Amino acid sequence: MGKPREMIRTFGGWVRRGVIGLVALLAFGPPLVLAVYRVVPPPVTPLMLLRSIEGQPIRKDWTPLDRISPALARSVIASEDNFFCQHRGFDLSAFQQAVEGWWQGKGRRGGSTISQQTAKNLLLLPSRTVFRKALEAYATIWLELLWSKERILEVYLNIAEWGPGIYGAEAAAQAHFNRPAASLTARQAATLAVVLPNPLRWSAAHPPGSLVRRAGMIQGRVAQLSPDLLECSGP
C-alpha cells in the first residue's frame, strides 16, 4: 500500500509544479517578452509560424514608423480604432457598439483596439476562445504600460497580415503597389487599411467595388479626425 500512495504523492507533486509553472509562464511571460520587444523588432509572430507550417512563405521587411507613409498610419487609425492615440488599450464605446450590432443582427463588427490586435498578433495564436481573449486583455494592459503609442503602432504596422505570406507595411506596399511604404498615396493607404479585417480574402491590388467605396470613406474620415486623434501617427 505504501508504494501506490508514494506514487500518487509523486504524481500530485508533478501536477502542482506543472500548474505553478504554467501560471508563472502566463503571468510573467507577456511582460518579459514585451519588455524585449519594446526595443527589439519582433523576428516572427505565432501567426507567421502557423502560416509557414501551412506552406506559405514569409515575406516581411521591418520598417521604422518614420519610414512608413503617415497616410497609412492615419488610415489604419481611421479604419480600425479612431481613439487609439487617446485610450489606454481598450475602447468601451467600440466594444458596446460591436455587441449591439451583433445583438441586432447587423453582423460581426470587431471591437478590438489596435493595442489589443497588436498584443494578439504578437503573442497569441488566432482563436475565439474566452481564455485567449482573457490573455489578450492581460497582454494589452502590459503593452500599454511598457510601450509608447508610437511603438505600438510601429509594431502593428510591421506584423499585420496583408495577404498570403505578406506581413508588414513595407512588404504590403511592395507586393500590392510596387513601391516602398514611405511612398504610399492616401488612396493606396486607405485601401490597405480596409483589407486588414480579411487580408486572405481581399486584395489591395485588386479590390472589389465595395472595398473601393470603403477606402473612399476612410479617406474622408481621416480628413475629419481632429489632430489630437492622430497625434501618435507620425509627422
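Quick one: is residue 235 in contact with a strand residue (DSSP E or B) (Cβ under 7 Å, 6 or more places away or on another chain), in a loop (DSSP other than H, G, I, E, B) and not acidic (Asp, Glu)? Give the steps one after another, and end with the answer.
Working: in contact with a strand residue (DSSP E or B) (Cβ under 7 Å, 6 or more places away or on another chain): no; in a loop (DSSP other than H, G, I, E, B): yes; not acidic (Asp, Glu): yes.
Judged against the criteria, residue 235 is not a match.
Tell me, which residue of segment 214-235 that is surrounded by 11 or more Cβ atoms within 10 Å (Cβ to Cβ) and over 14 Å from residue 79 (Cα atoms) is modelled with the lowest pLDDT?
234
One line per residue, one yes/no per condition, for (1) in a helix (DSSP H, G or I); (2) closer than 23 Å to residue 192 by Cα; (3) touching a Pro at 6+ places or on another chain (Cβ under 6 Å); (4) modelled with pLDDT under 85:
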position: 97; (1), (2), (3), (4): yes, no, no, yes
position: 102; (1), (2), (3), (4): yes, no, no, yes
position: 116; (1), (2), (3), (4): yes, yes, no, no
position: 119; (1), (2), (3), (4): yes, yes, no, no
position: 141; (1), (2), (3), (4): yes, no, no, no
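Restricting segment 33-76 to residues that are of a type in the set (Val, Ile, Thr) and within 21 Å of residue 163 (Cβ to Cβ), which is surrounded by the fewest Cβ atoms within 10 Å (Cβ to Cβ)?
In the first step, residues of segment 33-76 are kept if they are of a type in the set (Val, Ile, Thr); the result is 33, 36, 39-40, 44-45, 53, 58, 63, 68, 76.
Filter once more, keeping what is within 21 Å of residue 163 (Cβ to Cβ): 44-45, 53, 58, 63, 68, 76.
Numbers: 44: 12, 45: 23, 53: 8, 58: 14, 63: 20, 68: 26, 76: 28.
Here the residue is 53.
What pairs come out if I take residues in segment 39-67 that are in a helix (DSSP H, G or I) and charged (D, E, K, R) and pair them with residues that are modelled with pLDDT of 95 or more and surrounded by 11 or more Cβ atoms within 10 Å (Cβ to Cβ) whose C-beta lies under 6 Å away, six or more apart or interchain?
So the pair list comes out as 67/182.
Hey, can you tell me all the residues within segment 158-213 that are within 16 Å of residue 73 (Cβ to Cβ), among the hydroxyl-bearing types (Ser, Thr, Tyr) and buried (at least 21 other Cβ atoms within 10 Å of the Cβ)?
191
Please specify each residue of segment 121-139 satisfying the condition of being in a helix (DSSP H, G or I) and among the aliphatic types (A, V, I, L, M). If you could, list the steps in order and put the result at the bottom.
We begin by selecting, within segment 121-139, every residue in a helix (DSSP H, G or I); these are 121-123, 130-139.
If the condition is that a residue be in a helix (DSSP H, G or I) and among the aliphatic types (A, V, I, L, M), then 122, 123, 130, 134, 135, 137, 139 are the ones that fit.
The values are calculated or read from the model by the stated rules, or taken from the named source; none is laboratory data. Note that this is a predicted model, so its numbers are computed, not measured. All Cβ positions, glycine included, derive from the backbone under ideal geometry; neighbour counts span all protein chains shown.
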